[in-house]
Every structure is written in structure tokens, then in C-alpha cells.
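One structure is given below, encoded as C-alpha cells.
The values are calculated or read from the model by the stated rules, or taken from the named source; none is laboratory data. These numbers were taken from a predicted model, which means no experiment stands behind them. Here the Cβ positions follow ideal geometry from the backbone for every residue, glycine too, while neighbour counts run over all protein chains shown.
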Amino acid sequence: MTKQELKQRASDKAFAKMSMLLITIEQNKEDIRSKNYGGVTSTEMNIVLNSNKIELKVWQYITKLIETDEE
């Protein structure tokens, strides 16, 4: 596997993870709006939402590092 192929695979995985996190964050927001918490409290649901937002920021940073990596 070449470095370019490795970089492309890493980028694809990072973008896929970010896409899933965006969907999850929107679902978290909808669950909070509709008070559909399942077996957790509203406070815990807000913690989950904030954790997912932080996770998204981390993956955005990882993606930036991958995209700016010099050959």
C-alpha cells in the first residue's frame, strides 16, 4: 500500500465517522426536544450530546491533519 492509498483510506474513514457523528448529534437533539430519553435522564442525554459534539471536533481535527499531511 502506498502512502497516498493509506492517506486516502484514513481520510475516507475520518469523513465516514464525521458523517455518522453528525447524524447522531441531530438525533440527540431531536430526542432532547421530544423528551425521548429512553433509560437516561435529560441531564445524561445532554452529556451524551455534548460528548458527541466534542468527538466530532476531534475527528474534524484528525481530518485536517490527514488532509494537510505532506507526502
Residues that are under 20 Å from the mean Cα position of the chain (by Cα) and polar (S, T, N, Q), drawn from the stretch 14-43: Ser19, Thr24, Gln27, Asn28
Filter result for Glu30 (modelled with pLDDT under 95 and either of a type outside the set (A, V, I, L, M, F, W, C) or surrounded by 15 or more Cβ atoms within 10 Å (Cβ to Cβ) (or both)): no
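Every residue, every condition in (1) among the hydroxyl-bearing types (Ser, Thr, Tyr); (2) under 22 Å from Asp69 (Cβ atoms), yes or no:
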{"residue": "Phe15", "(1), (2)": "no, yes"}
{"residue": "Leu22", "(1), (2)": "no, no"}
{"residue": "Thr41", "(1), (2)": "yes, no"}
{"residue": "Asn46", "(1), (2)": "no, no"}
{"residue": "Leu56", "(1), (2)": "no, yes"}
Verdict on Met1 being of a type in the set (A, V, I, L, M) and part of a helix (DSSP H, G or I): no
Search result, residues across the stretch 26-70 that are in contact (Cβ under 8 Å) with a residue 40 or more places away in the chain, among the acidic types (Asp, Glu) and part of a helix (DSSP H, G or I): Glu67
